[in-house]
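Structure record follows, encoded as C-alpha cells.
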Amino acid sequence: MSTTTAIQEERAAFDAQIAGRTICTVLSETAAKHGDLPAYTDLGGATLSWADVRERTLRIAAGFAALGLQQGEVVALMLSNRSEHILADLGTVHAGGVPSTVYATLAPDQVQYVADNSSAAYAVLEGADQLARWQPVIDQLPKLRKVIVLDDVPEGDLYVSWADFLALGESTYAAEPQIVEDRIKAVKDTDTLTLLYTSGTTGNPKGVLITHRMALYEALCSEETADLPPHNVGVSYLPFAHIADRVISYYLAIYRAGHVHFCPDPSQLTAKLREVRPNGFFGVPRIWEKIMAGIQAFLSMETDEAKKAGIEGAMAVGREYMAAREFGGTLTPELEAKFKAVDEAVLSQIRALLGLDRVVHAMSAAAPLPIEVARFFSGLGLAILDVYGMTETTGAATANTNASFKLGTVGRAFPGVELRLAEDGEVLFRATTCTPGYLGRPDATADLYDADGWLATGDIGVLDADGFLSIVDRKKELLITAGGENIAPSLIENHLKEHPLIGQALAFGDRKPFVVALLTLDGEVAPVWAQARGIEDVSLEALAAHPLVLEEVGKAVGDANTRLARVQQVKKWALLRAEWTAETEELTPTLKLKRRVIHDKYTGEIDGLYT
C-alpha cells in the first residue's frame, strides 16, 4: 500500500467518526453525559456547567429566531473572552446562522469592510469600546438589522440590551421550543460553522469559511495527538477571531467536556495561570518570548551565586533530558533519574511560579518558535510542541507530540492530512480540514487551490527524512537584495529578539545593497533592566536614546550577526521610541508583523539607514 493510499484511508476512518455530526449534536451529547461538569468560568465571575451552556444556548437561539435571523445569515461578534461570547456564538449556530468573531482591535473602516463583506445582519457587542468602533460606520451598513449590546446600551431602535435579548429568547423558547429544535435538525455537517477573517498581513482580510465537519475533524485530531487528561483545564486569552483558541477553548472543549477559564486581559495572564494551573497551554511565540524574557531578567538580578549556579546546572540537565526525548534520541535510566531529582528540587518550582507545573501539553503556533526559546524552556523541563497551520486549514495541520517531537520543527502531518512541497518549497495540504474557500472571493479561492485540490499555504518549508516539517519563511516575504540574494527576514528577526531587551524586530533589504533593522524595546523587560543599572527615567522613549541601552542593543545586534551569513547580517539599525502593538497597527491581533504597514509608517527611518 502506498503512503498516499494509507493517509487517505486514515482520513476516511476519521471522516466516518464525525459523519453527520455537528457542533449542535456534540454539545447535546456532552451536556447529556457530563452536564454537571464545569464548562466555562468567567474572570472573577460564575462558572457555567455543560448543562447550563446547552440550556442557555437553546434560549439564545430562540432569541435570534424571534429577531428574524434566517438560515445562513451572519451575526458579527465583538466581545472579549467571556461566557457570553461562547453563548452568542453557539446560539447563532443553533438558530441556523453563521457567527463571525471580529477582532476587537479593528478600526472603524476595517469594521465596515468586514461587516459589509459578510453582509452581517446582526451584531453582538460588549460595550463602549466596541461601540466606538462600530458607530462611526453604522450608517454604511444597511443590511445590519439589530445590534445587541451587553453594557452601555445606546438609545435607538437599532440597539437592544443583552438582558432584553435574553428575556425575548426565554419567552420565545417557553412558548415554542419546536422552533429551535427544527432549526437544529436543519443544520448539516457541511454547513458553515463560522466565518473567520484573516488578520490582513498582506491587504484586506479574507473571510474563511469553516464548516462543522472541518472543526470536528480538527477536534478529533487534537484528541488523538494530545496527552491531555479527561476534562482538561485550560485558560482562554487569545481572541476567538484567532482559529487556535477557537479550536482549543470552544470546539475541542465541547468535544471533550473540558473546563475553560477566561482571561480577557492579557496583562493578567501570568496571575491567571498561577491560579488555574492548566493541563495544556497554547502560546503564540511572542507570549513564550515574553515569559522567557521575564525569567531571564529575574535570574540576572539573582545575587546569590551559589543559587544561580544551582539553577543553571538544573536547567542544563533539563536540556539534556529533553534532547534525549526528542525523536531519534535515547533516554537512559540514569539521565531520567538525574532529571527527576533536579526537577523535584528546582525546575518544578520555577514552573509552579509560572503556573505551568501541571502542563502536560504546551504548544506554540502562528509563527515559527525560535529554537533558542524552545531550548530555554526545555531547560525548565517543558517541551513546547510547535504546530503549524492556518485559518484555511482550521488551525493545526502538522504537530509535534509528546511521543514524537523535534524542537525547531513544526512536527509531522496530522492523521489523514496529505502534505507535500511544491518545486519552490511551498507547503501544500489536502485534508478534510481545508476550507471550501473565501466568502465572495472566487478569485482568491482559485488562487488558494491547484487543479488537484492542493491548498497552497504561501509558506516555504523543508521536510526531513523522518517527515518533520520546518517552516523557512513566508513565500511573499522573502527579501531579494540588490545582489540577488534570497533572504528570510524571520531568521534575522528571531536572532535579534533573543536578547531580552528587544521586543520586536523587522529586517528590511528588498532590492537594497544590505540588510537593516528596525527594533523596539520590550515594554516589560526594559524598565526592569534599566532600574537594575540605576537609570532613573525608565520610559521607553527615554530608554531608546540612553547610551547604556543603545550600547546593549548594539551588542545584541552584533551577537545575532555572528550567527548569520554575511549577506544576512544587519549593517545598520534604528531603535524606535515606542512599542508595536495591534492597536498601533504594526502587529496583527495574533502579534505577527504587518510588514507593509511598518514599511509605510517608518519610511523615513528606513530611508535614513541607507543614507
Fill in: FRET E, pair GLN135, GLU585, Förster distance 25 Å, beta-carbon r, rounded to 0.05
0.80
Item to complete: Name the residue farthest towards the positive end of the dipole of segment 478-609 from the options ALA560, PHE514, GLY604, assuming +1 on Cβ of Lys and Arg, -1 on Cβ of Asp and Glu, about the Cα centre.
Response: PHE514
Worksheet item: Once both axes come from the Cα atoms, what is the angle between helix 305-325 and the longest principal axis of the chain, in degrees from 0 to 90, rounded to 10?
Response: 60
Worksheet item: lysines near LYS572 by alpha-carbon distance under 17 Å, same-chain residues fewer than 8 away left out - which ones?
Response: LYS497, LYS512, LYS555
Worksheet item: Which of ILE311, THR47, ILE535 sits farthest toward the positive end of the charge dipole of the chain, with +1 on the Cβ of Lys and Arg and -1 on the Cβ of Asp and Glu?
Response: ILE311
Worksheet entry | Cα-centre dipole for segment 279-475 with unit charges at Cβ (Lys and Arg positive, Asp and Glu negative), debye to 20 | 520
Response to the item:
Answer in debye to the nearest 20: the dipole magnitude of segment 478-609 about its Cα centre, from +1 Lys/Arg and -1 Asp/Glu charges placed on Cβ, is 620
Item to complete: Round to the nearest 10 and give me the degree value, 0 to 90, for the angle of helix 3-18's Cα axis relative to the longest principal axis of the chain.
Response: 40
Practice prompt. Mind pulling the angle between the C-alpha long axis of helix 108-117 and the longest principal axis of the chain? Nearest 10 degrees, somewhere in 0 to 90.
Written response: 50
Item to complete: Would you mind telling me the antiparallel percentage of the DSSP bridges in segment 279-475, rounded to 5?
Response: 75
Item to complete: Could you pull out the GluC sites (Glu not before Pro) across segment 452-547 that fall in loop regions by DSSP (anything but H, G, I, E, B) with no more than 12 other Cβ atoms inside 10 Å?
Response: GLU536
Fill in: C-alpha center-to-center spacing [segment 438-501, segment 1-49] in angstrom
31
Practice prompt. Run the quick spin-label model on ALA186 and ASP607: label points 7 Å from Cα toward the beta carbon, then report their separation in nm to one decimal.
Written response: 5.8
Worksheet item: If the chain between LYS571 and GLU320 were fully stretched, how many nm would it gain, using 0.36 nm times the residue separation less the Cα-Cα distance?
Response: 86.8 nm
Response to the item:
Using alpha carbon centers only, segment 230-245 is separated from segment 536-611 by a whole-angstrom value of 31
Worksheet entry | Dipole of the chain [Lys/Arg +1, Asp/Glu -1 at C-beta], most positive-end residue of GLY234, PHE282, PHE468 | PHE468
Fill in: Computed label-point distance, nm, for sites LEU299 and ASP42 using a 7 Å Cα→Cβ extension
4.1
Worksheet item: Gain in length, ASN402 to GLN268, computed as 0.36 nm per residue apart minus the alpha-carbon separation, to one decimal in nm?
Response: 45.4 nm
Worksheet item: Are any of the pairs LYS406/LYS475; LYS206/LYS594; LYS206/LYS592; LYS185/LYS272 more than 27 Å apart by Cα-Cα distance, and if so, which?
Response: LYS185/LYS272
Discussion item. Between segment 51-118 and segment 126-190, what is the separation of their alpha carbon centroids in Å?
Written reply: 8
Worksheet, complete the sentence: Options (i) 104, 63, 44; (ii) 71, 59, 52; (iii) 78, 71, 39 for Cα extents along the principal axes in Å; the value derived from the coordinates is listed as (ii)
Discussion item. Run the simple label-point estimate for LYS307 and GLU344 please: 7 Å along Cα→C-beta, distance reported in nm.
Written reply: 2.3
Practice prompt. Go through segment 174-254 and name the trypsin sites (Lys or Arg not before Pro) that are in a DSSP coil and have 15 or fewer other Cβ atoms within 10 Å of their Cβ.
Written response: LYS188
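Using the Cα centre of segment 437-526 as the reference point, and only Cβ charges (+1 on K/R, -1 on D/E), how large is the resulting charge dipole? Debye, rounded to the nearest 20. Walk me through the intermediate numbers first.
Values: 7 positive and 15 negative charges, 77 e Å.
For segment 437-526, the charge dipole is close to 360 debye.
Values quoted throughout were computed directly from the atomic coordinates according to the rules given, and no laboratory measurement underlies them. Just so it is clear, the model here is predicted, and its values are computed rather than measured. Backbone-built Cβ (ideal geometry, glycine too); neighbour counts: all protein chains shown.
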